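The values are calculated or read from the model by the stated rules, or taken from the named source; none is laboratory data. Just so it is clear, the model here is predicted, and its values are computed rather than measured. All Cβ positions, glycine included, derive from the backbone under ideal geometry; neighbour counts span all protein chains shown.
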Amino acid sequence: MQDKAVAKLIAAEEKRQSEGLELIPSENYVSSEVRQAMGSIFTNKYSEGFPGKRYYGGQVNTDAVEKLAIDRAKTLFKADHANVQPHSGAPANEAVYHAWMEPGDTIMGMELSHGGHLTHGRPGTISAKLFNFVRYGIDDIETGKIDYAQMRETALKTKPKIILAGFSSYPRELDYAKFAAIGEEVGAVLMADMSHIAGLIAGGVLNNPFDFGFHIMTTTTHKTLRGPRGAMILSRGIVSNPLKPVDKTIDNLPTLIDRSVFPGLQGGPHMHIIAAKAVAFYEAAQPAYKLYCEQVLINAKVLGDELMKLGFKLVTNGTDNHMVLADIQTSFGFDGGVAEKTLDRIGLTLNKNVVPDDPLPPFRPSGVRLGTPAITTRGLKEEHMIKVAQWMHKALKSHNDETELNKLAKEVKQFASEFPLPD
């Protein structure tokens, strides 16, 4: 590479990733095949529109690769349609909102401090300015049980047009049947934002909302799905010409969503990323991927259990999925930001995070969020989770001791060298 400045930074980032352990639950490592597709010649091509209905010529190969990605996504998630064009998770959610809602309409989503995502109605976001968000949340922080009775009562009172299941930091599995029953009672469209756990759904180790009557599923394509940074929208319904208007009915959701993505929110899709999505969907359909997903869950449970043995207070006292949420303020007497920086110092990367009804501000929250997708990709198993938990405990107990932190950093670096990044 002639650009030495960028080449130096790429090499530095590769070194950082190689010498540490990635515990952020929304991050992962892609295969060399996914990276090759991302760097392919498809990056040169403009492809506004949809397969067979483009605004530019020369689309024989772009049409084929997008159709391939669509078909593979439909098969993985048992959907009638997949729009694989969204550039990231936030615009994917926005596209669904605009496909079905009018300004001022009501959406029901998870309370943000209980695990909901920014796009589920955080004040200051565009969606929160346009739509009315009402909340459901955790009834029992010790178990993570959702208060479905309160959720139903709120839904009956506010009549949301969309009931949104999904989260950014919730360690348990949702009861999709209860969501569906409430949605049917109030006549709401059922939407699942499965960005964090879509890979685990594809791998068959967590429930698929479509099996419980959901109409729409949005997801990023990285995280547990181990694809390129991007998103997609899966839906049930009738697939028709996306360039022609249709009536606003639940049956027409696939077409309404397509029209909301383009021309509603985006112009040209990123065809090199869509090619990489197709590769990731192929990989997720292989038997080895199911074994990977099973190990992600095993590792997360062992990691959570070991942290609790060492005195960490975990939100919901454990996990059913790939992530763990720890209340650092309660456990150690300082906030999650201090914990994040301390663990970064020894090569363990995670993120500070709010805990339910957090008394501290969002940029200095009480907790940290961590997970097992990336370290499982590198080959770590149950016995290694005990080491990770012990390193975390030692570092946080010695967060002002540079000598101890230097010692732990060397241990982590040596350990990480035994588990190379994927080729």
Checklist outcome for this item: All conditions in (1) in contact (Cβ under 8 Å) with a residue 40 or more places away in the chain; (2) part of a loop (DSSP other than H, G, I, E, B); (3) crowded, with 18+ Cβ neighbours inside 10 Å are true of residue 357 except (3)
Next on the checklist: Out of the residues in region 98-124 meeting the condition of being hydroxyl-bearing (Ser, Thr, Tyr) and surrounded by fewer than 21 Cβ atoms within 10 Å (Cβ to Cβ), tell me which one is farthest from residue 364 (Cα to Cα).
Outcome noted: 106
Next on the checklist: It is to be established whether one or more residues within region 192-213 are surrounded by fewer than 24 Cβ atoms within 10 Å (Cβ to Cβ), more than 23 Å from residue 25 (Cβ to Cβ) and more than 23 Å from the chain's Cα centre (by Cα).
Outcome noted: no
Next on the checklist: Residues that are in contact with a helix residue (DSSP H, G or I) (Cβ under 7 Å, 6 or more places away or on another chain), in a loop (DSSP other than H, G, I, E, B) and of a type in the set (Ser, Thr, Tyr): does region 233-246 have at least one?
Outcome noted: yes
Item to check | Count of region 67-121 residues which are assigned to a helix (DSSP H, G or I) and either under 19 Å from the mean Cα position of the chain (by Cα) or within 21 Å of residue 279 (Cβ to Cβ) (or both) | outcome: 26
Item to check | Number of the exception - residue 66 against (1) within 23 Å of residue 420 (Cα to Cα); (2) touching a residue at least 24 places away in the same chain (Cβ under 8 Å) | outcome: (1)
Checklist entry - Within region 360-380, can you find the residues that are part of a strand (DSSP E or B), under 16 Å from the mean Cα position of the chain (by Cα) and of a type in the set (Val, Ile, Thr)? => result none
Next on the checklist: Based on this model, can you work out whether residue 387 counts as surrounded by 19 or more Cβ atoms within 10 Å (Cβ to Cβ), in contact with a helix residue (DSSP H, G or I) (Cβ under 8 Å, 6 or more places away or on another chain) and among the charged types (D, E, K, R)?
Outcome noted: no
Next on the checklist: Can you find a residue that is part of a loop (DSSP other than H, G, I, E, B), in contact with a Lys or Arg (Cβ under 9 Å, 6 or more places away or on another chain), in the same structural domain as residue 168 (by TED's automatic domain parsing) and on the phi < 0 side of the Ramachandran plot anywhere in region 35-45?
Outcome noted: no
Checklist outcome for this item: Filter region 309-338 for residues that are in a loop (DSSP other than H, G, I, E, B) and of a type in the set (Phe, Trp, Tyr); the one that is nearest to residue 370 (Cα to Cα) is 312
Checklist entry - Are any residues in region 56-75 exposed (fewer than 15 other Cβ atoms within 10 Å of the Cβ) and either basic (Lys, Arg) or at negative phi (or both), and if so, which ones? => result 56, 57, 60, 61, 64, 71, 75
Item to check | Unique match (being part of a helix (DSSP H, G or I) and either of a type in the set (Gly, Ala, Ser) or surrounded by 16 or more Cβ atoms within 10 Å (Cβ to Cβ) (or both)) among 169, 127 | outcome: 127
Checklist entry - Does at least one position in region 63-82 carry a residue that is in contact with a helix residue (DSSP H, G or I) (Cβ under 7 Å, 6 or more places away or on another chain), in the same structural domain as residue 241 (by TED's automatic domain parsing), among the polar types (S, T, N, Q) and modelled with pLDDT of 95 or more? => result no
Next on the checklist: Is it the case, given these coordinates, that residue 103 is over 27 Å from residue 207 (Cα atoms), out of contact with any Ser or Thr (no Cβ under 6 Å at 6 or more places or on another chain) and modelled with pLDDT of 95 or more?
Outcome noted: yes
Checklist outcome for this item: In region 107-131, anything within 18 Å of residue 159 (Cα to Cα) and touching a Gly at 6+ places or on another chain (Cβ under 6 Å) is listed as 109, 110, 111, 120, 121, 128
Checklist entry - Among the residues of region 266-282, is there at least one that is buried (at least 20 other Cβ atoms within 10 Å of the Cβ), touching a residue at least 24 places away in the same chain (Cβ under 8 Å), farther than 21 Å from residue 383 by Cβ and aromatic (Phe, Trp, Tyr)? => result yes
Next on the checklist: The conditions are (1) hydroxyl-bearing (Ser, Thr, Tyr); (2) in contact with a strand residue (DSSP E or B) (Cβ under 6 Å, 6 or more places away or on another chain); (3) at pLDDT 95 or above; (4) buried (at least 21 other Cβ atoms within 10 Å of the Cβ), and residue 158 fails exactly one of them. Which is it?
Outcome noted: (4)
Next on the checklist: Let me spell it out: the conditions are (1) touching a residue at least 40 places away in the same chain (Cβ under 8 Å); (2) over 30 Å from residue 339 (Cβ atoms); (3) under 22 Å from the mean Cα position of the chain (by Cα); (4) surrounded by fewer than 19 Cβ atoms within 10 Å (Cβ to Cβ), and residue 48 meets all of them except one. Which number is the exception?
Outcome noted: (3)
